[in-house]
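First up is the structure itself, then whatever we jot down about it.
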Amino acid sequence: MYLNSIFADPVKLERLISIAESSLLPLLKGALFYTLPLAIISFIIGIILAVLTALARISSLKILKGIARFYVSAIRGTPLLVQLYILFYGLPNLGIMIDPFPAAVIGFSLSVGAYSSEIIRAAILSIPKGQWEAGSSIGMTYSQNLKRIILPQATRVSIPPLSNSFIGLVKDTSLASTILVTEMFRKAQEIVATTYEVLLLYTEAALIYWVICFILSIIQQRIEVRLDRYVTR
């Protein structure tokens, strides 16, 4: 019925085309200047947290293990949207004011760090113990063994799931609209508020997300093929 009414009314069809064309640039700007930078910055910080957390999880120090387990459990056990609300709307009750973009970065970074730490930990544990022993036999310290032998191999193992995490993060950035970050989905909401064309604008935003994730998927596949060349069969 909705599509029939559109094609039956040339004026309405022309209006929808005009709205779609005029909204494309603002949505793309939201994606390029907020969505992608937010995802990239959060992912980089999150991976640093993930590596540190993974190393803490396999450490022999019980206090480090306990802190890392608590962090992972707390982040994985609570919704990301709730975490963002606590950072942006809750912390001001304690006198801590955080601007929307930094609050989103903190929230997404903590989320990436918790989830990716399990990926990295599993990748480290997948390296045969003989690799550790080989490094120790030639006089390497624990840190040297990690840096030169274990982590490079674990990196190759963890890249495919981490790439999927990044693609998922790009889509999750839409949650930042709830704390007033003017990323692409927020832009779509603002345009919907003035045009009332909900289906059109949100479909347009969804298509842009799809294109971005499709491009990232192609990049991921090429990276995996490149890394696969160095795997001994």
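Output the residue which, of all residues in the stretch 54-98 that are polar (S, T, N, Q) and either touching a residue at least 60 places away in the same chain (Cβ under 8 Å) or surrounded by 11 or more Cβ atoms within 10 Å (Cβ to Cβ) (or both), is nearest to Val181 (Cα to Cα). Selected residue: Gln83.
Which members of the stretch 111-131 meet the condition of being surrounded by fewer than 19 Cβ atoms within 10 Å (Cβ to Cβ) and either small (Gly, Ala, Ser) or within 20 Å of Thr53 (Cβ to Cβ) (or both)? Scanning the stretch 111-131 gives Glu118, Ala122, Leu125, Ser126, Ile127, Gly130. Close contacts from the stretch 13-32, counting a first residue that is closer than 18 Å to Tyr196 by Cα and a second that is at pLDDT below 90, with Cβ to Cβ under 6 Å and a gap of 6+ residues or different chains, come to Leu13/Ile6. Among the residues of the stretch 133-141, at least one is surrounded by fewer than 18 Cβ atoms within 10 Å (Cβ to Cβ), over 21 Å from the mean Cα position of the chain (by Cα), modelled with pLDDT under 95 and on the phi > 0 side of the Ramachandran plot. The residues of the stretch 110-132 that are modelled with pLDDT of 85 or more and of a type in the set (Gly, Ala, Ser), listed by number, are Ser111, Gly113, Ala114, Ser116, Ser117, Ala122, Ala123, Ser126. Close contacts from the stretch 36-53, counting a first residue that is more than 25 Å from Ile215 (Cα to Cα) and modelled with pLDDT of 95 or more and a second that is surrounded by 17 or more Cβ atoms within 10 Å (Cβ to Cβ) and aromatic (Phe, Trp, Tyr), with Cβ to Cβ under 7 Å and a gap of 6+ residues or different chains, come to Thr53/Tyr71. Any chance you could count how many residues in the stretch 16-43 are loosely packed, with under 15 Cβ neighbours inside 10 Å and among the polar types (S, T, N, Q)? The total comes to 2. The set of residues in the stretch 93-140 being outside any helix (DSSP H, G or I) and either touching a Gly at 6+ places or on another chain (Cβ under 7 Å) or of a type in the set (Asp, Glu) (or both) consists of Asp99 alone. Reported count of residues in the stretch 56-92, each being assigned to a loop (DSSP other than H, G, I, E, B) and at pLDDT 95 or above, is 3.
The values are calculated or read from the model by the stated rules, or taken from the named source; none is laboratory data. All of these numbers come straight from a predicted model, not from anything done at the bench. Glycine gets a Cβ as well: all are built from the backbone with ideal geometry, and neighbour counts include every protein chain shown.
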